[in-house]
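Working notes, structure below.
The values are calculated or read from the model by the stated rules, or taken from the named source; none is laboratory data. In this text the structure is predicted, and so the values were computed from the model without any measurement. Calculation scope for accessible area: heavy atoms of the full protein, side chains included, ligands and nucleic acids excluded. Shrake-Rupley method; radii C 1.70, N 1.55, O 1.52, S 1.80 Å.
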Amino acid sequence: PLNGETPRQITDTPENERWVRWSPDGKMISYHTRSKQTRILHVINANDKISKVINDNCLTSTWSPDSKSLVILSNNELIIVSLNGKIMKRITGLKDLNLTDTSAPRYSPDKKYLAFISYKNDDSFIYLYSIENGNFTKLAFDVLDDYKYAMRWSPDGKWLRPVSIF
């Protein structure tokens, strides 16, 4: 709590929780744990400590603006899943775009687009996916001199800024 109250633990798993994110409505938290070579996506209600597994092979995830679903990369597919793990929509398979990996899916401020970084060999690309019509647009290309792992939209939705590890 930011008001000075004592912090409280809400998870109790033997694994390390990573990639922790609040839902946009502030009621839930998503996080990943590792299990051998996969990442398991969990969602927990911040008030009652009840956690559930959403996907057991999730490499990356982001909340939908309405906090009712998540966009995840699982089994080389970008998909939208409900909070019970049910597939709501298949966005694309990476092979369909001739890609080998992807990360950092992010909704635009107006909720009309989903941007993500994708990779093939030593090249990286920023793609834009239209929620309305399902079209993909390749926005940028870069040689992987520095690995980009996240993106931020400008508040007005006119710009995307990739973030590098280094």
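Numbers at a glance
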item: Flagged links, alpha-carbon separation over 27 Å, of K86/K111; K68/K120; K27/K112; K36/K120; K86/K112; result: K68/K120
item: Projected area averaged over orientations for the chain, convex hull of C-alpha atoms, nm²; result: 11.1
item: Accessible area expressed per residue, the stretch 33-153, with surrounding protein chains retained (probe 1.4 Å, Å²); result: 52
item: Compactness of the stretch 1-44 - radius of gyration and Dmax, Cα, Å; result: 12.2, 39
item: Solvent-accessible area, 1.4 Å probe, carbon plus sulfur percent, for the stretch 1-138; result: 46
item: Alpha-carbon centroids, the stretch 1-68 and the stretch 107-135: separation in whole Å; result: 24
